[in-house]
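Participant: For reference, the structure I am asking about is given below.
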Amino acid sequence: MGIWDGALAEARDDGSFAVLGVLLAAAVLVRIAAPDEGPRLRGGLMWAALHLALLPVAGALRADGLPAYREVSLVALVFEALAVIGIAALLLFAVLLPRVGVQTPRILRDLVVAAAALVTCFVLASRAGLNISGLIATSTVLTAVIGLSLQDTLGNVMAGLALQMDESVQVGDWIKVGDVSGRVSEVGWRATSVETRNWETMVIPNSVLVRNTFLVLGRRSAKPVLWRRFVYFNVDFRYPPSDVIAAVHEAVRAAPLEHVAGEPAPQCVLMDLHDSYGQYALRYWLTDLAFDDPTDSAVRTRIYFALRRAGIPLSIPAQAVFLTQESPERREAKSREEAERRRQALAHVDLFDHLSDEDRARLAASLRYAPFARGEVLTRQGEEALWLYLIVAGEAVVRVSAGEGMEREVARLKAGNFFGEMALMTGALRSATVVAITDVECYRLDKAAFQDVIRERPELAERIAELLARRRVALETARENLDAEALQRRLTAAQRDLLGRVRRFFGLPSPSGS
Ligand code: CMP
């Protein structure tokens, strides 16, 4: 028997031609249906090629009747089996299962292939008369060597399986390990690959991933993938935060920005106050984590233009040293300026129309400037009254509690209106809560100064009592839903009652002198 006769006989024994024919057909199918699997397909075909290469060797040994023939023939058979396992696994995991909607993690495929290869090797070796299990069981040194060398690998395999099973990391997730973040591209049997935005791939052994803390970016249970980003900017703190925030909100919410979630909406917040500027952040939710810097940049551009439109410059590092020479003239000029501002504030309040210039100047001296931010409570229902408030800019809303934690709006107050007189004039607690709905600038008049004015100008008490009655009835209407007739009756009664109370409270004589 010649070499080629031997090789042919060997091929016949192993069914090589039929097997290779089927493998080639399967390989073509895999190549067409799953072009990404090229490297693994090449691996499978390599085993087949090794099998073919060993056939003439086995044939020659067989022809010469040499004893090594048995081992070479076994190895050729193992190569053939590995080719079959590799390509069959590709056909199953990369072509058939995805067709029915089943995606299998890479690590599972690798394990199945490895297990199948191991079992096949054992079976083929046993059939050929080799006792491998006995060999491993009896050879302590061999067992120790295999055990030690597989220790790390097995740790990684188990860790990879654990990661897959508890779904802590999946392909496509964005994770951050230490300072590096990226998208998980593969969880293999040894390591997990993470592709960074800088076109790098970080390979993390599975056991390291399992043992250490890492962040899964943008993930929250039962919520879409969103990642909150902060875009910082600084504005000189001479510009009111509410104006800055309003301008930025308007700009980022008016038209959608690519990769910025509409819900939750972007939010501008004042993060800190520094030496000469306020530090702001625009917080927004990024929908595609691959586009962090470009989206930050688009958001920053919006902010820049919004502030330009609002006439608010971004702050430049500034250190201002104010050197002012204090002199009696300067002090005098400053106090004149302030007195004028207060006089203006009083001039806007028609309640004090009839006061003489002298009375008004006295009153102005007791005023205190009190600005409030939007949303702040200026006075709270049920609290003790210390001040009368004159609004010089902004708008506030008067709310009264309508029971069961509900509040009802009774009125809105603007520049030129005053409030807080009810409690000051009757000695009662605050009858309503007043809340700023824009930034509000007020002057506060303290209780004693206000009461002095009333004592000296009793006719003011009458004017205020009238207004007081109207306001009080409006409060009762809000609380009790009164009709027009009841309202009129209440108004007359309230006016009489309040005037009496105001007079008694201030110890003023009644009109009849009694
Ligand atoms: P006071 O009760 O001291 O504190 C709450 C203030 O809200 C109250 O004084 C009034 O000045 C003001 N207020 C109450 N009801 C009205 C109303 N109907 N219209 C305008 N202001 C009101």
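The values are calculated or read from the model by the stated rules, or taken from the named source; none is laboratory data. Computed from a prediction, not measured in an experiment: that's the story for all the values here. As a convention, Cβ positions derive from the backbone with ideal geometry for all residues, glycine included, and neighbour counts pool all protein chains shown. All accessible areas refer to the heavy atoms of the entire protein, side chains included, with ligands and DNA or RNA removed. Shrake-Rupley method; radii C 1.70, N 1.55, O 1.52, S 1.80 Å.
Participant: May I have the pair-distance distribution P(r) for the stretch 146-249, computed from all Cα-Cα distances with 5 Å bins from 0 and rounded to whole percent?
Facilitator: P(r) for the stretch 146-249, in whole percents per bin: 2, 11, 17, 17, 13, 9, 7, 7, 6, 5, 3, 2, 1, 1, 0.
Participant: At 1.4 Å probe radius, can you tell me the per residue accessible area of the stretch 1-45 in Å²?
Facilitator: For the stretch 1-45, the solvent-accessible area averages 61 Å² per residue.
Participant: Nearest 0.05, what FRET efficiency do L270 and A484 give at R0 = 45 Å with Cβ-Cβ as r?
Facilitator: 0.45
Participant: Quick one: Cα centre-to-centre distance for the stretch 242-286 and the stretch 424-439, in angstrom?
Facilitator: 33
Participant: Please report, in cubic angstrom per residue, the volume enclosed by the convex hull of the alpha-carbon atoms of the stretch 380-465.
Facilitator: 95
Participant: Rank these by accessible area, largest first, 1.4 Å probe: R430, R455, R336.
Facilitator: Largest accessible area first, the list is R336, R455, R430.
Participant: So, how do all the Cα-to-Cα distances of the stretch 70-132 break down into 10 Å bins, in percent, from 0 on up?
Facilitator: Reading the bins upward from 0: 21, 43, 23, 12, 1.
Participant: Working from the pairwise distances between different alpha carbons, so that the mean of 1/r is found and then inverted, what is the chain's Kirkwood radius in Å?
Facilitator: 32.3
Participant: How big is the dipole moment of the chain about its Cα centre under a simple scheme where the beta carbon of each Lys and Arg is +1, that of each Asp and Glu is -1, and everything else is neutral? Debye, nearest 20, please.
Facilitator: In total the dipole reaches around 920 debye.
Participant: With unit charges on the beta carbon (Lys/Arg positive, Asp/Glu negative), name the residue among T438, A461, A428 whose Cα is farthest towards the positive pole of the charge dipole of the stretch 416-476.
Facilitator: Going by the charge dipole, the pick is A428.
Participant: Where a Cα-Cα gap under 17 Å defines reach, which aspartates and glutamates qualify for K447, not counting those fewer than 8 residues away within the same chain?
Facilitator: Result set, ordered by chain and number: D359, E383, E384, E421, E456.
Participant: Using the Kirkwood formula on the Cα atoms of the stretch 450-514, what hydrodynamic radius do you get, in angstrom to one decimal?
Facilitator: 12.5
Participant: Given charges of +1 on the Cβ of Lys and Arg and -1 on the Cβ of Asp and Glu, with all other atoms neutral, how large is the dipole of the stretch 354-449 about its Cα centre, in debye to the nearest 20?
Facilitator: Here the stretch 354-449 has a charge dipole of around 40 debye.
Participant: When the accessible area of the chain is computed with all protein chains present and a 1.4 Å probe, what percentage of it is carbon and sulfur?
Facilitator: Ligands and nucleic acids excluded, carbon and sulfur reach 57 percent.
Participant: Taking loop as defined by DSSP and a crowding limit of 14 other beta carbons within 10 Å, which GluC sites (Glu not before Pro) in the stretch 161-220 fit?
Facilitator: Here the GluC sites (Glu not before Pro) that fit, given the DSSP loop and packing criteria, are E167, E200.
Participant: If you don't mind, another one. From the convex hull of the Cα coordinates of the stretch 6-62, what is the mean projected area in square nanometres?
Facilitator: Its Cα hull, projected and averaged over all orientations, spans 3.6 nm².
Participant: Would you mind computing, in nm to one decimal, how far apart the modelled labels at E186 and N198 are, each placed 7 Å from Cα along Cα→Cβ?
Facilitator: 2.2
Participant: So how long is each side of the stretch 193-323 along the principal axes, counting just the alpha-carbon atoms, biggest first, in Å?
Facilitator: The Cα atoms of the stretch 193-323 stretch 64, 36, 27 Å along their principal axes.
Participant: Kindly state, to the nearest 0.05, the FRET efficiency for E395 paired with N212, given R0 = 60 Å and r defined as their beta-carbon distance.
Facilitator: In this case the efficiency is close to 0.65.
Participant: Across 10 Å bins from 0, what is the distribution of all Cα-Cα pair distances for the stretch 195-265, in whole percents?
Facilitator: It works out to 13, 29, 28, 19, 10, 1, in whole percents.
Participant: A follow-up question, please. Once the piece of chain linking V123 and A373 is laid out straight, how much longer is it, given 0.36 nm per residue of separation minus the C-alpha distance between them?
Facilitator: The span from V123 to A373 would gain 81.8 nm if fully extended.
Participant: Another question, if that's okay. Which Cα, out of L50, T295, V244, lies furthest along the positive dipole direction of the chain (beta carbon charges, K/R +1, D/E -1)?
Facilitator: V244
Participant: Sticking with this one: Considering just Cα atoms, how many Å³ per residue does the convex hull of the stretch 247-306 enclose?
Facilitator: It comes to 86 Å³ per residue, whole-number rounded.
Participant: Sketch the reach of a paramagnetic label on E459 as a point 7 Å from Cα along Cα-to-Cβ, and name the residues of the stretch 356-372 whose backbone nitrogen lies under 16 Å away.
Facilitator: 356-360
Participant: Further, regarding this structure: At A222 and A25, where each label point lies 7 Å from the Cα along Cα→Cβ, what is the point-to-point distance in nanometres?
Facilitator: So the label points at A222 and A25 sit 5.1 nm apart.
Participant: Using 17 Å as the cut-off for backbone N distance, which residues of the stretch 256-288 belong to the label zone defined by a point 7 Å from the Cα of K176 along Cα→Cβ?
Facilitator: The answer is 282-288.
Participant: In whole Å, what is the distance between the alpha-carbon centres of the stretch 56-129 and the stretch 366-414?
Facilitator: Cα centroid to Cα centroid, the span is 84 Å.
Participant: Sorted by average packing, counted as other Cβ atoms within 10 angstrom per residue and highest first, what order do 90-96, 437-443 take?
Facilitator: 437-443, 90-96
Participant: For the stretch 185-259, what is the charge dipole size about the Cα centre, in debye to the nearest 20, if Lys and Arg each add +1 at the Cβ and Asp and Glu each add -1 at the Cβ?
Facilitator: 380
Participant: Mean projection of the alpha-carbon convex hull of the stretch 321-419 over all orientations, in nm²?
Facilitator: Spelled out: convex hull of the Cα atoms, projected over all directions, averaged, 9.4 nm².
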